[in-house]
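Engineer: Quick one: this structure, given as structure tokens, is what I'll be asking you about.
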Amino acid sequence: MELALQPERTRIAERLDVSAVLPNYNHARYLPDAVRALASQQPPPAEIIVVDDASTDDSLEVLAKLSQQIGTLRVVRHEKNAGAIAALNRGLSEARYELVYFGAADDLTAPGLFARLTGALARHPEAAFASGEAKLVDLEDRSLGIRPPVRPSQSERFFSPPEVVELLRRSDNWILTGAALFRRNLVREAGGFAAAARSFTDGLLARHLALKSGFVYVPAVFVTWRVNPAGYSRSATSQADVARQTIESMRRLIAADPLFPPWYPELLERRWRFSVGRVAVVESGPAGADVLTQFCARSSIDRLIYRIAGALGQRLGSVVSLGWLFLRERPMLLRDLFLTTLSRRIRGA
């Protein structure tokens with residue numbers, strides 16, 4: 001089902017060949033800001049596609065009002081809730097233009113997103129996508145830091161497939177889908193978003209594309225990422241059983257893709273344990289303690305240390321747990337983390 005749109009009120013002379021896709025499920029309160037931020041990009045995208053996944057709030061009413069103001073907005077509705085991955089793939093199938101952006105209805109894009117990333121792709125036509133950085137906030141808009149924690153480069157740079165392999169040896173999570181712009185045809189050739197990958201589906205796709213065609217990194221913040229503890233991606237890190245099932249799926253899918261080096265699944269699992277454990281430590285509470293002892297711990301010594309840390313109080317216990325996690329999993333080089341932090345402080349980012 002596609003909502004009827006009103007004629008566009010003003011003619012915008014220049015648009016980019018970009019399809020912006022926003023999956024939505026019950027995010028009516030955030031939709032106006034998210035859609036208007038996309039429409040206000042200079043130059044704006046040629047179309048904004050909101051895939052409403054059978055929302056039960058007033059999302060459709062909000063979108064109907066927005067469509068009267070923004071002529072490039074298209075709304076596609078699922079009659080039954082199909083999940084975030086199905087919504088992403090529907091948006092991909094609906095996209096009409098050469099480049100496609102996959103956002104989130106509760107995130108906010110920053111000015112310059114499309115101008116900077118389309119420029120980077122024009123300078124590097126061989127790249128499958130261009131990606132930047134995200135500012136993380138909680139539901140009260142309190143800052144949670146900048147991601148990725150380790151930059152691949154301190155300036156705009158194209159990474160060839162062999163260079164991507166070397167990047168994977170050093171660190172991970174330097175591709176943020178909400179701060180990236182993809183070549184539509186390459187995403188379609190790769191099969192879109194794999195349901196079996198669960199919350200890792202966009203990460204798996206981006207890594208596959210980077211290993212096949214390379215990518216461009218642009219060290220600038222292009223989106224404010226609202227971290228929702230009840231959100232889809234967070235669900236994979238909040239329960240030990242879900243975290244375990246997710247990494248098993250990730251390892252299986254990566255092992256089946258010949259583009260990934262054979263040593264990567266084990267390394268990714270270490271980094272996944274660190275990521276899940278870090279979230280558990282930050283969010284604390286009984287559920288966090290369970291994740292540390294039931295998923296992150298690999299030995300009786302690990303479990304003992306996490307239990308002792310839990311008895312030391314929030315501040316000291318967090319330091320002990322995170323320190324032990326880092327020593328056990330070695331998710332990144334401290335040198336790279338330091339250089340990224342220093343560069344951001346110098347540039348005020």
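The values are calculated or read from the model by the stated rules, or taken from the named source; none is laboratory data. Everything numeric in this text was worked out from a predicted model, so none of it was measured. Only protein heavy atoms, including side chains, enter the accessible area calculation; ligands, DNA and RNA are left aside. Shrake-Rupley method; radii C 1.70, N 1.55, O 1.52, S 1.80 Å.
Engineer: Across 10 Å bins from the origin, how do the percents of Cα pairs in the chain run, short distances first?
Structural biologist: That works out to 5, 24, 34, 25, 10, 2, 0, in percent per bin.
Engineer: What share of Cα pairs, in percent, lie more than 20 angstrom apart in region 92-211?
Structural biologist: Roughly 44 percent, once rounded to a whole number.
Engineer: Using the Kirkwood formula over every pair of different C-alpha atoms, what hydrodynamic radius in Å results for region 21-111?
Structural biologist: When all Cα pairs of region 21-111 are included, the Kirkwood radius is 12.9 Å.
Engineer: Write down the Å³ per residue value for the convex hull defined by the alpha carbon atoms of region 70-155.
Structural biologist: So the per-residue Cα hull volume is 167 Å³.
Engineer: When the gyration tensor of region 161-230 is built from Cα positions, what are the square roots of 5 times its three eigenvalues, in whole Å, from largest to smallest?
Structural biologist: Semi-axes (√(5λ), whole Å): 19, 17, 13.
Engineer: Quick one: with all protein chains in place, what share of the accessible area of region 164-279 is carbon or sulfur, to the nearest percent (1.4 Å probe)?
Structural biologist: 50 percent
Engineer: How far, in degrees from 0 to 90, does helix 300-310 lean away from the longest principal axis of the Cα atoms of the chain, to the nearest 10?
Structural biologist: Roughly 70 degrees, rounded to the nearest 10.
Engineer: Please compute the Cα-Cα pair-distance distribution of region 276-349 with 10 Å bins starting at 0, giving whole percents from short to long.
Structural biologist: With a bin width of 10 Å, the distribution comes to 19, 45, 24, 12, 1.
Engineer: Pull up all non-local amide H partners of Leu73: gap of 5 or more, or a different chain, and H-to-H distance under 5 Å with H placed in the peptide plane.
Structural biologist: Excluding prolines and chain starts, which carry no amide H, the hits are Ile48.
Engineer: When ligands, DNA and RNA are left out and all protein chains stay put, how many square angstrom of accessible area per residue does region 257-308 have with a 1.4 Å probe?
Structural biologist: 47 Å²
Engineer: Here's another thing I want to ask about it. Return the single residue from Ala195, Ala240, Ala104 with maximal mean-square fluctuation; model: Gaussian network over the chain, springs between Cα atoms under 10 Å.
Structural biologist: Fluctuation is largest for Ala195.
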